[in-house]
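The values are calculated or read from the model by the stated rules, or taken from the named source; none is laboratory data. All of these numbers come straight from a predicted model, not from anything done at the bench. Positions of Cβ are backbone-derived with ideal geometry, glycine not excepted, and every protein chain shown enters the neighbour counts.
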Amino acid sequence: MGTFYSLFLQVFQYYKTRIPRHARKIALIYITLVQTLAVLILGVVLSKFLKSMHMTVINSFQAWVLFAVIIVVLYFNNWMQYTGRKQAIKKAKYNASKSEKRHIMSLWLIPILGIVLSIILMKLDA
């Protein structure tokens, strides 16, 4: 079972008892946010590295447009992956296995730390 799927199911199961109608949507937005922040941090590190090597691949505007396209692709990919029959089969396997439960605050701390890390990396001078 993948890390992202494990995070998705933990958020989904937490909100399923509290907000049943919107649990899947919240979990989908959460996992897309985590993946987006991973792409953002990777992009910032790559940008700073290429800037220190005095290479220009794409300008800033093109990079942000590419990032926006990646966000849309990630959202629709997650929407296809985490809904439907395939998701029901994975959920049954997840419930049968002994997986560790994380507190919801620690789950929401992941995107917050990702945002803070990306801001710190953007502010660094290369």
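Below, the figures for the structure above:
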{"read-out": "Set MET105, MET122: member being free of Cβ contacts under 8 Å to residues at least 24 places away in the same chain and either under 25 Å from TYR15 (Cβ atoms) or among the aliphatic types (A, V, I, L, M) (or both)", "value": "MET105"}
{"read-out": "Conditions (1) farther than 30 Å from ASP125 by Cβ; (2) of a type in the set (Lys, Arg); (3) over 17 Å from the mean Cα position of the chain (by Cα); number of the one not met by LYS25", "value": "(3)"}
{"read-out": "Scope region 1-12; condition part of a helix (DSSP H, G or I) and either among the hydrophobic types (A, V, I, L, M, F, W, C) or closer than 18 Å to GLY84 by Cβ (or both); matching residues", "value": "PHE4, TYR5, LEU7, PHE8, LEU9, VAL11, PHE12"}
{"read-out": "Residues within region 13-55 that are of a type in the set (Phe, Trp, Tyr) and either under 18 Å from LEU74 (Cα atoms) or not in a helix (DSSP H, G or I) (or both), tallied", "value": "1"}
{"read-out": "Count - residues of region 11-22 that are surrounded by 16 or more Cβ atoms within 10 Å (Cβ to Cβ) and of a type in the set (Val, Ile, Thr)", "value": "1"}
{"read-out": "Pick from region 93-126, criterion loosely packed, with under 10 Cβ neighbours inside 10 Å and of a type in the set (A, V, I, L, M, F, W, C), ranking: modelled with the lowest pLDDT", "value": "ALA96"}
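Per-residue answers, yes or no, for (1) aromatic (Phe, Trp, Tyr); (2) farther than 16 Å from LEU109 by Cβ; (3) in contact (Cβ under 8 Å) with a residue 40 or more places away in the chain; (4) surrounded by 12 or more Cβ atoms within 10 Å (Cβ to Cβ):
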| residue | (1), (2), (3), (4) |
| --- | --- |
| TYR5 | yes, yes, yes, yes |
| LEU9 | no, yes, yes, yes |
| ARG24 | no, yes, yes, yes |
| TYR30 | yes, no, yes, yes |
| LEU33 | no, no, yes, yes |
| LYS48 | no, yes, yes, yes |
| PHE61 | yes, yes, no, no |
| VAL69 | no, yes, no, no |
